[in-house]
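Below is one structure; the comments refer to it alone.
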Amino acid sequence: MSTPKRVTQSIKKDVVSPKDYLNYDHRWSCEDCTHFKNENESCTLGYVTSHHLKRQQEHDFELGGKVAFCRFHEID
Ligand code: SF4
């Protein structure tokens, strides 16, 4: 009998200093990105936005002090 495969979190989250989080006006969410389509909260590059939406990042930070950053984030 084999051991069932463990379900692990696939998205990588980075630790963010609470001091930095509170003191900087950060622009790292999908809502701040050139590729974000507000109408349906999608990404024009086709990436999944759910981990990088502002509300999710705020939730993740408040829960564990970590945020999932998108490597393709762009600001005009
Ligand atoms: S490139 Fe990344 S940050 Fe920008 S909209 Fe797409 S998923 Fe969001």
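Any read-out appearing in this document is the output of simple, stated calculations on the displayed coordinates, not a laboratory observation. Keep in mind that this is a model prediction, so the values were computed, not measured. Positions of Cβ are backbone-derived with ideal geometry, glycine not excepted, and every protein chain shown enters the neighbour counts.
For S42, nonlocal amide neighbours, meaning residues 5 or more places apart or on other chains whose placed amide H falls under 5 Å from its own, are K37. Of all the options H26, H51, H35, the one that moves most in a Gaussian network model of the chain with Cα springs shorter than 10 angstrom is H26.
In the distance distribution for region 24-76, Cα-Cα pairs more than 19 Å apart total 21 percent. Here is how the number arises for the chain: DSSP H runs of 4 or more residues each give -39500 (n - 2.57), the sum is divided by the residue count, and the result at 222 nm is -6000 deg cm²/dmol.
Around the Cα centre of the chain, unit charges on the Cβ atoms of Lys, Arg, Asp and Glu (plus for the first two, minus for the last two) sum to a dipole of about 540 debye. Placing R0 at 30 angstrom, the Cβ-Cβ distance between I75 and S10 gives a FRET efficiency of 0.70 after rounding to 0.05. For a paramagnetic label modelled at 7 Å from the Cα of Y21 toward its Cβ, which residues of region 35-76 fall within the zone defined by backbone nitrogen distances under 14 Å? From region 35-76, the list is 54-69. Please tell me which of these pairs span more than 21 angstrom C-alpha to C-alpha: K12/K66; K37/K66; K19/K54? Too far apart for the 21 Å limit: K37/K66.
Can you give the angle from 0 to 90° between the axis of helix 54-64 and the longest principal axis of the chain, with both taken from C-alpha atoms, to the nearest 10? Rounded to the nearest ten degrees, it is 50. Taking the charge dipole of the chain about its Cα centre, with +1 at Lys and Arg Cβ atoms and -1 at Asp and Glu Cβ atoms, the residue from V67, N40, L22 reaching farthest to the positive side is V67. For the listed peptides 60-69, 39-48, a ranking on the average number of other beta carbons within 10 Å per residue, highest first, reads 60-69, 39-48.
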